[in-house]
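Right, one structure below, let's go through it.
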Amino acid sequence: MKDVTFEQVKEFTIRELWQIKKEITPNTRLAHDFGIVGLDGMEFIEAFSKEFNVKLDGFDWGYYFGPEEGISLISLAKYLYEKIRGKEEMSCDLPPITLGHLLDCAQKGEWFEPNSV
């Protein structure tokens with residue numbers, strides 16, 4: 001088990017997603033709280049893998065981040081409407097990946113399915 005801290009995962013996330021303005025906790029979800037979907041999700045996880053030396057064998061990109069083109073126009077319109085109403089998280093049907101789970105993967109050195117899936 002590797003000695004990786006949540007603070008390191010948090011700092012990496014802030015570096016990668018510099019526009020973050022909300023509190024980051026182990027329960028923060030990539031797609032739902034940050035709107036990371038499609039190709040953005042793939043790029044984030046690949047950068048995470050390189051930063052923390054995490055093997056991604058068996059990681060299903062489409063399952064966690066949706067199709068490569070990202071969210072549909074309907075989903076985007078719904079997200080913008082909810083954002084205007086003050087709702088912070090993105091509504092989506094994708095299974096959540098939390099920063100806490102990414103910490104667990106970094107410590108183990110490999111991707112494994114979250115318990116919530």
So Gln19 and Lys108, fully extended at 0.36 nm per residue minus their Cα-Cα distance, gain in nm 29.2 nm
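Quick check on my link table: of Lys22/Lys55; Lys10/Lys108; Lys2/Lys22; Lys21/Lys108; Lys22/Lys108, which ones sit more than 25 Å apart, alpha carbon to alpha carbon? Could the numbers behind the result be given before it?
Numbers: Lys22/Lys55 29 Å; Lys10/Lys108 17 Å; Lys2/Lys22 28 Å; Lys21/Lys108 29 Å; Lys22/Lys108 27 Å.
Cα-Cα > 25 Å for Lys22/Lys55; Lys2/Lys22; Lys21/Lys108; Lys22/Lys108; rest within.
Coordinate-derived values only; no laboratory data. Computed from a prediction, not measured in an experiment: that's the story for all the values here.
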